[in-house]
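Structure first, then comments.
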Amino acid sequence: MAKFEDPGRTNTGSLTEINAWALTWDTYDSRLHDEHPMPALYPGARHVNWWGSGLTLDELLSLAQVHGIPVAWVPSQDILRSLVDADNSHEAKLAVLAAEDERILAQCRGVLAECTDEWLSGEVAAGLKALSAYADGHHEAAACLAIAALEQILYTVNEIPPGKRKHGTLAKIGAAEPARLLPARQYVRAPLATLYTPYWPESGDALPVNLSRHAVLHHVPLDHLSQGHCIIAVMLLTSVIRQSQERVEDIRWDLLVQASD
């Protein structure tokens with residue numbers, strides 16, 4: 001297992017340090033290499049569930065932007081490896097998720113347990129209800145709840161003001177190129193690139209291959225809500241809520257700093 005070098009240095013690190021650390025982070029495979037110390041700034045630049053996977057940032061980005069699969073906070077390193085190793089068809093990726101759904105649910109519960117800020121109590125409650133619905137076999141209900149709960153959270157965590165809250169804005173945010181040095185936040189958003197694919201069945205649009213917000217909330221085609229797409233929905237809600245926890249922690253820290261001035 002990797003470990004932090006210095007848990008007290010969570011907000012410091014020069015660009016030179018970040019570049020040097022990345023040489024290790026992006027090639028470290030826990031199956032092949034000995035233990036490496038984890039730099040304290042690691043969660044700010046790479047998500048902890050990437051550590052030890054041996055996957056490149058490009059491979060992770062393809063899962064998120066091409067297949068709409070969340071890669072930030074969940075799932076675990078070994079599941080990410082299985083997703084990358086699977087055939088590149090969307091169906092093959094969904095089959096991996098369906099086969100690992102019980103483990104993924106447990107991982108999502110663990111991530112939501114880290115979301116303790118009172119500002120997020122309603123969002124966490126919605127996430128837990130979606131997970132419970134999935135665990136009880138109501139996969140489609142879980143996905144619909146997760147997709148419905150996502151939207152307001154996405155606008156808030158991406159700090160989009162009311163007058164500019166459009167689905168196309170979220171799709172563009174998801175499709176954006178990640179920052180070179182601090183890409184972690186963009187990988188949370190990356191699945192939005194396909195989640196917000198336009199879909200208007202009355203205009204003859206073909207049903208999107210990837211999980212589609214518009215298909216779920218405008219048309220509710222049950223054949224679109226496969227087991228794999230349903231687990232993607234609850235994973236994405238979990239991932240975005242966990243990123244919201246990071247955001248509110250930053251806000252509270254800023255407020256404390258301002259109060260101390």
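Tabulated results
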| quantity | calculated |
| --- | --- |
| Sites Ala179 and Ala125 - FRET efficiency at Förster radius 35 Å, r taken between beta-carbons, to 0.05 | 0.60 |
| Span per principal axis, largest first, for the Cα atoms of region 199-261 (Å) | 59, 26, 14 |
| Label point distance in nm, Ala135-Thr169, each placed 7 Å from Cα along Cα→Cβ | 3.6 nm |
| Cα-based convex hull, region 84-205, per residue volume (Å³, whole number) | 167 Å³ |
| Rel. contact order, % - alpha carbon contacts under 8 angstrom, at least six apart, the chain | 23 percent |
| Ellipticity estimate at 222 nm from DSSP helix runs (n ≥ 4, -39,500 (n - 2.57)) divided over the chain, nearest 500 | -17000 deg cm²/dmol |
| Whole-Å distance, taken between Cα centres, linking region 184-224 and region 94-129 | 21 Å |
| Full-stretch length increase - Ala86, Val209 - with 0.36 nm per residue and alpha-carbon distance subtracted | 42.6 nm |
| For the chain, radius of gyration divided by Kirkwood radius, i.e. Rg to Rh on alpha-carbons | 0.96 |
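Taken together, the values in this text are just the output of simple stated rules run on the coordinates, not laboratory data. All figures in this text were calculated on a predicted structure; none of them were measured in a lab. Don't worry about glycine lacking a Cβ; one is built from the backbone with ideal geometry, like all the others, and counts go over all protein chains shown.
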